[in-house]
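The structure appears right after this line, and notes come after that.
The values are calculated or read from the model by the stated rules, or taken from the named source; none is laboratory data. Given the structure is predicted, the values throughout are model-derived calculations rather than measurements. Cβ placement follows ideal geometry from the backbone for every residue including glycine, while neighbour counts extend to all protein chains displayed.
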Amino acid sequence: MKKLLYLFLGLFLLAGCATTYHPAQPSPDEIVIVKSDRKMFLLHDNKIIKTYDVNLGQNPYGHKQKRGDMRTPEGEYYIDGRNPYSEFYLSLHISYPDREDRENAKERDHDPGDHIVIHGMRGRGTRGDFRQAGDWTEGCIAVTNADMHEIYHWVDVGTPITIYP
């Protein structure tokens, strides 16, 4: 019985270590979000290698101006961190706010907000849950948990991300 348990555990760990995403394709070197289409595109050498449906902030139109406006930012940023313990099943942190965002917010006497991420959903986060949710985040970009698992393990820190209206 013990041997069977160790064999199972060994195979489980080996499978976990060998997990690779799209082995025939290189890692994405760019992320593009088109808010109006609710789509995320992973690109390599300017070619789309994967497309995902996304949900956005509850007030998705226009560029994020301040904390609490429920908007998803627009512009050019990059992935600057990873969180395996995210409240919403894994997350990749986006470099918002940049210098320009902070300056614009300061001119209006606002806090620009922060902690904009690509993340999964609470709980199982299935495709059905995702479709029913609509735009529900506070400005983040949400995908299903299965999609987030793939994205999290495939996209490198430093990857540029452009968010279009």
Filter the stretch 129-158 down to residues that are under 21 Å from Y77 (Cα atoms), of a type in the set (S, T, N, Q) and assigned to a loop (DSSP other than H, G, I, E, B), then give me how many there are. 0
For the stretch 84-101, which positions are among the hydroxyl-bearing types (S, T, Y) and assigned to a loop (DSSP other than H, G, I, E, B)? Y85, S86, Y89, S95, Y96
Scan the stretch 67-82 and tell me whether some residue there is out of contact with any strand residue (DSSP E or B) (no Cβ under 7 Å at 6 or more places or on another chain) and within 22 Å of D37 (Cβ to Cβ). yes
Among the residues of the stretch 92-145, what is the count of those that are modelled with pLDDT of 90 or more, small (G, A, S) and under 17 Å from K39 (Cα atoms)? 3
Given the conditions (1) in contact with a strand residue (DSSP E or B) (Cβ under 8 Å, 6 or more places away or on another chain); (2) surrounded by fewer than 14 Cβ atoms within 10 Å (Cβ to Cβ), every one holds for T126 apart from (1)
Suppose the filter is surrounded by fewer than 17 Cβ atoms within 10 Å (Cβ to Cβ), among the hydroxyl-bearing types (S, T, Y), part of a loop (DSSP other than H, G, I, E, B) and modelled with pLDDT under 85; does Y21 pass it? yes
Which one is nearest to S27 (Cα to Cα) among residues in the stretch 107-123 that are assigned to a loop (DSSP other than H, G, I, E, B), touching a strand residue (DSSP E or B) at 6+ places or on another chain (Cβ under 8 Å) and not hydrophobic (A, V, I, L, M, F, W, C)? G120
For residues that are loosely packed, with under 15 Cβ neighbours inside 10 Å and either in contact with a His (Cβ under 9 Å, 6 or more places away or on another chain) or of a type in the set (A, V, I, L, M, F, W, C) (or both), tally how many sit in the stretch 96-123. 1
